[in-house]
Amino acid sequence: MTFSERARDELAEHGIETLSVLGFVVAWQILAMAIDNPLKLPSFFQVAEALLRQWPTILQVDLPVSLIHFALGMGAGLLVALPIGMAMGWSRVADRIFDPLVELIRPIPPLAWIPFAIIWFGLTAQAAGFIVFVGAVFPILINSYLGFRSVSRIYVESAMVLGATKNRDLIRYVAIPSALPSIAAGIRIAMGIAWMCIVAAEMFGASTRSGLGYRLWDYYSLHMMDLVFLYMIVLGLLGLLIDRTFRYVVQEKLLRWQEGLRQN
């Protein structure tokens, strides 16, 4: 495929995405005009006007706080989930040790931990980060476990024939590359859940008096629905940006070899 053909295909793809967004905005505006009640559904222009008033607070106050909560929870989730998930998938002994604990704690919703988060950490960033951690840790752990558990025995035996007889060499050169797609999928799912947990943690008070989720709930209590809708859109756009950035880094840098398997 020539450069001009690739450019034309990319332009057509982005054109479809742009039309999709414009169609949503038009439908939103028409529906808001039909309802004619800003409390039930503010219009696009009302939300745009709210953005002009609120963007300094969003960028300078609320966004940094929510990103700190996200980074704390995801960082802790990765540090805990990756080694445990890998160990469970690689070792039957580790699987027997951790599996009952994981299956006992995993069904508990992250929001159920909010009272303990507040008691343990107070109204701090660590409390919100803990809720994010609870939401993020299990998708990463389960997908890491499945990735390591699914490593083909043929790959392992071939590596052993070639001299990789130690566990650390087999994990480094065979298991991790083979399990990477599954691990990446788990991290991507975890980021989506973590972003939702940020909103819940901040809305229910497990943080300082700022953040995107806190503001959303605060403006709802004041019946300022244009600002509520604005923060909902900001949350959606940031979630999309985080997901697209992760997908680009993983697919372009780590899983580029999979491009040949994709279908249009």
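Between Val80 and Arg247, what length in nm is gained on full extension when 0.36 nm per residue of separation is reduced by their alpha carbon distance? Each step should come with its number before you reach the end.
Details: separation 167, 0.36 × 167 = 60.12 nm, distance 2.21 nm.
Value of the extension gain: 57.9 nm.
What FRET efficiency comes out for the pair His223/Trp55, r = Cβ-Cβ distance, R0 = 35 Å, nearest 0.05? Let's see the in-between values first.
Values: r = 21 Å, r/R0 = 0.61.
About 0.95, to the nearest 0.05.
For Gln29 and Leu237, compute 0.36 nm times the residue count separating them, minus their Cα-Cα distance, and round to one decimal in nm. Provide the component values of the computation, followed by the final result.
Working: separation 208, 0.36 × 208 = 74.88 nm, distance 1.88 nm.
Gain on extension, Gln29 to Leu237, equals 73.0 nm.
Among Val234, Phe133, Trp120, which residue has its Cα positioned farthest towards the positive end of the charge dipole of segment 64-256, with +1 placed on the Cβ of Lys and Arg, -1 on the Cβ of Asp and Glu, and the dipole taken about the Cα centre?
Phe133
Which FRET efficiency value, to the nearest 0.05, do you get for Ser158 and Val93 by plugging their Cβ-Cβ distance into 1/(1 + (r/R0)^6) with R0 = 30 Å?
On the way: r = 25 Å, r/R0 = 0.83.
With a Förster radius of 30 Å, E is 0.75.
None of the figures in this text is laboratory data; all of them are computed from the coordinates on show. The shown structure was predicted, so the numbers you read here are calculated from the model rather than taken from an experiment. All Cβ positions, glycine included, derive from the backbone under ideal geometry; neighbour counts span all protein chains shown.
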